1. If you take the beta carbon distance between residue 87 and residue 63 as r and set R0 to 22 Å, what does 1/(1 + (r/R0)^6) give as a FRET efficiency, to the nearest 0.05?
2. Based solely on C-alpha atoms, express the radius of gyration and the Dmax of the range 1-48 in angstrom.
3. Using the Kirkwood radius built from alpha carbon pairs, what does the Stokes-Einstein equation give as D for the range 62-138 at 4 °C and 1.567 mPa s, in µm² per second?
4. Mind pulling the angle between the C-alpha long axis of helix 15-26 and the longest principal axis of the chain? Nearest 10 degrees, somewhere in 0 to 90.
5. How are the alpha carbon pair distances in the chain distributed across 5 Å bins from zero to the largest one, expressed in percent?
6. Antiparallel versus total DSSP beta bridges in the chain: what percent is that, nearest 5?
7. How big is the gap, in Å, between the Cα center of the range 107-124 and the Cα center of the range 20-96?
8. Can you give the relative contact order of the chain as a percent, counting alpha carbon pairs under 8 Å and 6+ residues apart?
């Protein structure tokens, strides 16, 4: 038996605004969506779906989902234009993890925290690399913790 997450569902205070955010930043594709009796939009992200439902809910501070991208730069630029970079949840918006993984944290229009992951720090342009902080700069790490690796599929 094969197990994998097939979709994530998050609230949207304004369904169109949130849909536009995910389309612009991640090239998500709106797909046909059944009627659930409330405004809902399904989006295709490669082999996974993101389900947006319109409700006036306040998201929690650290609950998030992550999207792996081939190139974090265009996502960063779009998030920056939108004022969506999150510098509070994990004390910085652009973090290097052990194992040569870059994490970018943004907030969508409803305030949901989204983590964007890319393999390869050296692939960042100089201006983004200058903003990057190692997780070990923000929080002390033991040798064991430095061996931790985030699964970032190719």
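Any read-out appearing in this document is the output of simple, stated calculations on the displayed coordinates, not a laboratory observation. Bear in mind the structure is a predicted one, so any value in this text is a computation, not a measurement. Because the Cβ atoms are built from the backbone with ideal geometry, glycine has one as well, and the counts that use them run over all protein chains shown.
1. 0.80
2. Calculated on Cα positions, Rg and Dmax stand at 11.8, 38 Å.
3. 105
4. Once rounded, one gets 40 degrees.
5. 2, 9, 17, 21, 20, 14, 10, 5, 2, 1, 0
6. 60
7. The range 107-124 and the range 20-96 have Cα centres separated by 9 Å.
8. Once normalised by length, the contact order is 22 percent.
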